[in-house]
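The next block holds one structure in the form of structure tokens; read it before the comments.
Nothing in this text is a laboratory measurement; each read-out follows from the coordinates by a stated rule. These figures come from a predicted structure and were not determined experimentally.
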């Protein structure tokens, strides 16, 4: 795989061997962090985190990752309301300015394509931390890393993706990564209004991936899934409260449903959750979503080291 300067789309990661190396690096970061044996390969480097949408896990994990590697952070958690954007400054101008202060920029924006626009003019690496309903590539890397850690394999999986597949940028980025591996089958479960967009279904067909679509999260799906990936219905993407209310409770995973999964299956969620996974599921050994969130720290450490060391 050609060396990356920017990280904009999961489709850039088209080499399973590269992913294996990134996962090994993340494992090393995890191990060294536990034993307080981390070095400072990014000492003197600075990461700017420009977030035009709310974030907890992504922003904190990027900032913690940079600091654990010995670097520094410039952060703006509410760029939409507390930066020069309120005065009309364009993304292009913001990136030109910030790139003079930082060695890399992680950007989250409410408009799809913003990270790609920033990358076209930035002299420093741009990392897409979520662009509207577009992609979230570092979350997808975290997700695949989590599956590998939990199940020990990435081939021969049955993966059920449940919820808001229309707006779920984590799903849009996860699909191309899982398509790199053999015999991965997908169950796409959503209300018809939140169906996976056509371009992503066409991508699955192009890759000869096996997938089924349904509005029902039934026994067949639960009992066959190796990975049950639940997504939040994204209230902020709806045109009206009425539209959101009509689908927000479409799927709620409770303890009884979780226990119908295979013992070795895992339950994933990029978080935050609203009500789509009952808190009673948290104590189930299959519930991997909090471990998944922690894994994001080490994946982002490995990625920052790759880009900047």
Across 118, 239, 106, the residue with the highest GNM fluctuation in the chain (Cα network, 10 Å cutoff) is 239
Helix 169-178: inclination vs the chain longest Cα principal axis, degrees, rounded to 10, gives 80
Dividing the surface of the Cα convex hull of region 216-307 by four yields a projected area in nm² of 7.7
CD proxy, 222 nm, the chain: helix-only mean residue ellipticity via -39,500 (n - 2.57) per DSSP H run with n ≥ 4, per residue, nearest 500, stands at -11500 deg cm²/dmol
Treating every alpha carbon of region 1-147 as one equal point scatterer without solvent, the Debye formula yields log10 I(q)/I(0) values at q = 0.13, 0.15 Å⁻¹ of -0.59, -0.79
Once residue 74 and residue 212 are pulled to full extension, the length gained, defined as 0.36 nm per residue separation minus their Cα-Cα distance, is 45.3 nm
Using alpha carbon positions and the Kirkwood radius, the Rg to Rh ratio of the chain is 0.96
The extension gain from residue 255 to residue 14, computed as 0.36 nm times the residue separation minus the Cα-Cα distance, is 83.1 nm
For the chain, longest principal axis from Cα atoms; helix 137-151 axis from its Cα atoms; angle between them, nearest 10 degrees, is 50
Which of 215, 117, 206 fluctuates most in a GNM of the chain (C-alpha springs under 10 Å)? That residue is 206
With a ≥ b ≥ c from the Cα gyration tensor eigenvalues, square-rooted, and the rule rounded for a/c under 1.5, otherwise prolate when a/b > b/c and oblate otherwise, region 154-309 is rounded
Classified through the alpha carbon gyration tensor (a ≥ b ≥ c as square roots of its eigenvalues; rounded if a/c is under 1.5, else prolate when a/b is larger than b/c, else oblate), region 101-204 comes out oblate
Helix 16-34: inclination vs the chain longest Cα principal axis, degrees, rounded to 10, gives 80
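For residue 244 and residue 219 in one chain, what is 0.36 nm times their gap in residues minus the Cα-Cα distance, to one decimal in nm?
Additional length available on full extension: 6.4 nm.
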